[in-house]
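Written below as structure tokens is the structure these notes are about.
The values are calculated or read from the model by the stated rules, or taken from the named source; none is laboratory data. Nothing here was measured: the structure is a model prediction, and the numbers come from that model. Because the Cβ atoms are built from the backbone with ideal geometry, glycine has one as well, and the counts that use them run over all protein chains shown.
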Amino acid sequence: MNEDFLEFSEQDVARRSDESAKSWTDQVRKGLDIYREYFNNPAFFEFVGTLKRKRVLDAGCGEGYNTRIMARMGARVTGVDISRKLIEMARREERTDRLGVRYHVASFTDLSIFDEASFDTLISNMALDASPNFGKAIGEFIRVLSPGGKLFFSILHPCFVTKGLGWIPDEIGRDTTLMVSRYFDESPRVEEWKFTYAPPETKPFVTPAFYRTLSRTLKTLMRTGFMLGDIEEPRPSAAVCKRFPRMEKWREHAALFLYIQCEKPKVED
């Protein structure tokens, strides 16, 4: 399949994001995204490490939740998102809680508002699966990073979160067997979902999704010029699984997330 999933444009992604912006912001700020709060964010920021005094770009920042975390870590943060409404909400929060974060409405596949080598670190947390053009995004990431700068991103694990994903319960109802199929099906799709621990009456989110094979992801990085630095397949802690039993399957049987760190080569003398 062609790298660019043309059935859905970036305008489609922006429209869907704008439509769900208020509901998304309300639920995230109420702490309903349990997987983010107790699993993904703690593991991802441990993977990233120190950001103090770094010039950081948060690509796909949404309403600024993670952007604010990084600012409190001592980073000089800029956030970009394709959704105008999400950026409006991020700016509104910045006016209330001034952390020095700058926000821009922009697709991370076109970062022409920034000069080359504008950032030391680029973060994209759970945003690249929502972009129809992964290759173009990676090309822009390496352009705006300074030599020696690092890219950290997280995505759903392409080997396990496929179109044919399904769990088979054991005799007492625990999900213990993972069924995976259609791994090579990279056609775009529209997903309808809601946070696992959200109230039953909560309206689901509807978003385009663009999943890619592991080989496509890694080859795109290498062909763009990035050097692979580190990979992590995080697991929720035993304590978190005890508190939220539905997470246990992602500790015992498969990886839900994939983290990748790579570096822009330094300029040789």
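Numbers for the structure displayed
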{"read-out": "Pair list, Cβ < 6 Å and 6+ apart or interchain, from segment 182-199 residues that are in contact (Cβ under 8 Å) with a residue 12 or more places away in the chain to residues that are acidic (Asp, Glu) and not in a strand (DSSP E or B)", "value": "Pro188/Glu7; Phe195/Asp33"}
{"read-out": "Cβ-Cβ under 6 Å pairs, at least 6 apart or on other chains, segment 258-269 side of a type in the set (Asp, Glu), far side assigned to a strand (DSSP E or B)", "value": "Glu263/Lys150; Glu263/Met227; Glu263/Gly229"}
{"read-out": "Qualifying residue in segment 94-111 (condition: over 25 Å from Val190 (Cα atoms) and among the aromatic types (Phe, Trp, Tyr))", "value": "yes"}
{"read-out": "Pairs, first at pLDDT below 95 in segment 151-162, second aromatic (Phe, Trp, Tyr), C-beta under 7 Å, six or more apart", "value": "Thr162/Tyr183"}
{"read-out": "Check on Phe39, hydrophobic (A, V, I, L, M, F, W, C), at pLDDT 95 or above, surrounded by fewer than 20 Cβ atoms within 10 Å (Cβ to Cβ) and part of a helix (DSSP H, G or I)", "value": "no"}
{"read-out": "Odd one out for Lys85 among (1) in a helix (DSSP H, G or I); (2) in contact with a Ser or Thr (Cβ under 7 Å, 6 or more places away or on another chain)", "value": "(2)"}
{"read-out": "Output for segment 125-139, where each listed residue is in contact with a Ser or Thr (Cβ under 8 Å, 6 or more places away or on another chain) and either within 16 Å of Thr220 (Cα to Cα) or aliphatic (A, V, I, L, M) (or both)", "value": "Met126, Ala130, Ser131, Pro132, Asn133, Phe134, Gly135, Lys136, Ala137, Ile138, Gly139"}
{"read-out": "Failed condition for Lys249, given (1) crowded, with 18+ Cβ neighbours inside 10 Å; (2) under 20 Å from Asn125 (Cβ atoms)", "value": "(2)"}
{"read-out": "Unmet criterion (only one of (1) within 22 Å of Leu128 (Cβ to Cβ); (2) free of Cβ contacts under 8 Å to residues at least 12 places away in the same chain; (3) not aliphatic (A, V, I, L, M)) for Gly60", "value": "(2)"}
{"read-out": "Count of segment 42-74 residues which are in a loop (DSSP other than H, G, I, E, B) and closer than 26 Å to Ala14 by Cβ", "value": "5"}
{"read-out": "Selection count, segment 63-102, where residues are touching a residue at least 24 places away in the same chain (Cβ under 8 Å), surrounded by fewer than 16 Cβ atoms within 10 Å (Cβ to Cβ) and of a type in the set (Ser, Thr, Tyr)", "value": "0"}
{"read-out": "Residues located in segment 253-269, provided they are outside any strand (DSSP E or B), touching a strand residue (DSSP E or B) at 6+ places or on another chain (Cβ under 8 Å) and surrounded by 13 or more Cβ atoms within 10 Å (Cβ to Cβ)", "value": "His253, Ala254, Leu256, Lys264"}
{"read-out": "Residues of segment 139-176 satisfying the condition of being of a type outside the set (A, V, I, L, M), more than 19 Å from the chain's Cα centre (by Cα) and more than 24 Å from Thr109 (Cα to Cα)", "value": "Gly164, Gly166, Trp167, Pro169, Asp170, Glu171, Gly173, Arg174, Asp175, Thr176"}
{"read-out": "Enumerated strands (runs of 3 or more DSSP E) restricted to segment 120-229, each holding at least 1 residues that are surrounded by 14 or more Cβ atoms within 10 Å (Cβ to Cβ)", "value": "145-156, 175-179, 189-193, 205-209"}
{"read-out": "Some residue of segment 9-21 being without any contact (Cβ under 8 Å) to a residue 40 or more places away in the chain and farther than 25 Å from Asn133 by Cα", "value": "no"}
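Per-residue answers, yes or no, for (1) under 18 Å from the mean Cα position of the chain (by Cα); (2) closer than 30 Å to Lys54 by Cβ:
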site	(1), (2)
Leu178	no, no
Phe210	yes, yes
Arg216	yes, yes
Pro234	yes, yes
Lys264	no, yes
